[in-house]
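Peer 1: Below is one structure. I have some questions about it.
The values are calculated or read from the model by the stated rules, or taken from the named source; none is laboratory data. Quick caveat: nothing in here was measured; it's all calculated off a predicted structure. All Cβ positions, even for glycine, are placed from backbone atoms using ideal geometry, and neighbour counts span all protein chains on display. Remember, those area values only see protein heavy atoms, side chains included, never the ligands or the DNA or RNA. Shrake-Rupley method; radii C 1.70, N 1.55, O 1.52, S 1.80 Å.
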Amino acid sequence: LVMWDNITRFAGDIFKGQSPDREQRAKKIESVMGVKPNLIDPEKEPNFVRPVAERIAPGWADANYANPLTNTIAMPGYKPGQKPYVEAHEAGHLSWEDAGPAKLLGVSGRAVSGISDQLGKPPLLEAISGGLMHFDAAEEDRAERLSAKYGPKVGGKPENAPTIDSKGRSEYGDSLRQDGNSQIVGSIHTVIKP
């Protein structure tokens, strides 16, 4: 991945160049979190993730995301340092700190759910996506923990940090767990009608 990151940065420098304010912001995030992100505005800069994401789940069109294959953090309307907790959250997805299997499956539930929606929500696919949402939740919890930990060091006000409970869970993760459970229960009710 380091080699791929170097290749994509080299290509970006040749064809587009990184603005000095983004490069400075990337260096700040790297010094704090140990990952050097390629910071982009997906509304203005070409990338291959957004068109694919929009086809899988139209709701993802305006979402922030991190692409670990290119070390890219994409935030619509991006302005360096404007949303330090979001930057830290997305950089958290690029980091291997406290990573487990969920890091590699962190959007699988939402991706399968988007495909299921397009196919008319077949019960088996709904149940699978609901189960996979628990991986999504675990990865979002990890990113939120890292955001809470590093957000103040990249310029965030402490009172704006995400809330993490005693189990290391976040509101975002809990929301995804709830969505996943609802999908599983819904798929069972579709198959076994009372």
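Peer 1: Among the residues of the stretch 113-145, which ones are open to solvent by 30 Å² or more (accessible area, probe 1.4 Å) and of a type in the set (A, V, I, L, M, F, W, C)?
Peer 2: Those that are open to solvent by 30 Å² or more (accessible area, probe 1.4 Å) and of a type in the set (A, V, I, L, M, F, W, C): 115, 119, 124, 125, 127, 128, 132, 135, 138.
Peer 1: Determine which single condition residue 125 fails, assuming it passes every other condition in (1) touching a strand residue (DSSP E or B) at 6+ places or on another chain (Cβ under 9 Å); (2) not in a loop (DSSP other than H, G, I, E, B).
Peer 2: So residue 125 meets the others, but not (1).
Peer 1: Here's something else I'd like to know. Of the residues 58, 46, which is open to solvent by 70 Å² or more (accessible area, probe 1.4 Å), at pLDDT below 85 and farther than 18 Å from residue 110 by Cα?
Peer 2: Sole residue among the options that is open to solvent by 70 Å² or more (accessible area, probe 1.4 Å), at pLDDT below 85 and farther than 18 Å from residue 110 by Cα: 46.
Peer 1: Can you find a residue in the stretch 89-99 that is free of Cβ contacts under 8 Å to residues at least 24 places away in the same chain and surrounded by 20 or more Cβ atoms within 10 Å (Cβ to Cβ)? If you could, list the steps in order and put the result at the bottom.
Peer 2: Step one: of the stretch 89-99, the residues free of Cβ contacts under 8 Å to residues at least 24 places away in the same chain are 96.
When the remaining residues are screened for being surrounded by 20 or more Cβ atoms within 10 Å (Cβ to Cβ), the result is none.
No, the stretch 89-99 contains no residue that is free of Cβ contacts under 8 Å to residues at least 24 places away in the same chain and surrounded by 20 or more Cβ atoms within 10 Å (Cβ to Cβ).
Peer 1: Return the residues of the stretch 83-114 that are in a helix (DSSP H, G or I), more than 14 Å from residue 173 (Cα to Cα), at pLDDT 90 or above and aliphatic (A, V, I, L, M); say none if nothing qualifies.
Peer 2: Within the stretch 83-114, 86, 88, 91, 94, 111, 112 meet the criteria.
Peer 1: Out of the residues in the stretch 151-181 that are in a helix (DSSP H, G or I) and under 16 Å from the mean Cα position of the chain (by Cα), which is farthest from residue 111 (Cα to Cα)? Spell out how you get there, then give the answer.
Peer 2: Step one: list which residues in the stretch 151-181 are in a helix (DSSP H, G or I), which gives 151-154, 158-160, 171-181.
From the residues that got through so far, the ones that are under 16 Å from the mean Cα position of the chain (by Cα) too are 151, 171-177.
On the way: 151: 27, 171: 20, 172: 17, 173: 16, 174: 18, 175: 16, 176: 13, 177: 15 Å.
Out of the qualifying residues, it is 151.
Yes or no, residue by residue, for (1) part of a helix (DSSP H, G or I); (2) at pLDDT below 95; (3) surrounded by 14 or more Cβ atoms within 10 Å (Cβ to Cβ):
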site	(1), (2), (3)
36	no, yes, yes
54	yes, yes, yes
70	no, yes, yes
77	no, yes, no
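Peer 1: Let me confirm something: among 184, 192, which residue is more than 17 Å from the chain's Cα centre (by Cα) and either modelled with pLDDT of 95 or more or within 18 Å of residue 95 (Cβ to Cβ) (or both)? Even if it seems obvious, please write down each step before you answer.
Peer 2: Values: 192 fails: either modelled with pLDDT of 95 or more or within 18 Å of residue 95 (Cβ to Cβ) (or both).
Every option except 184 fails the conditions.
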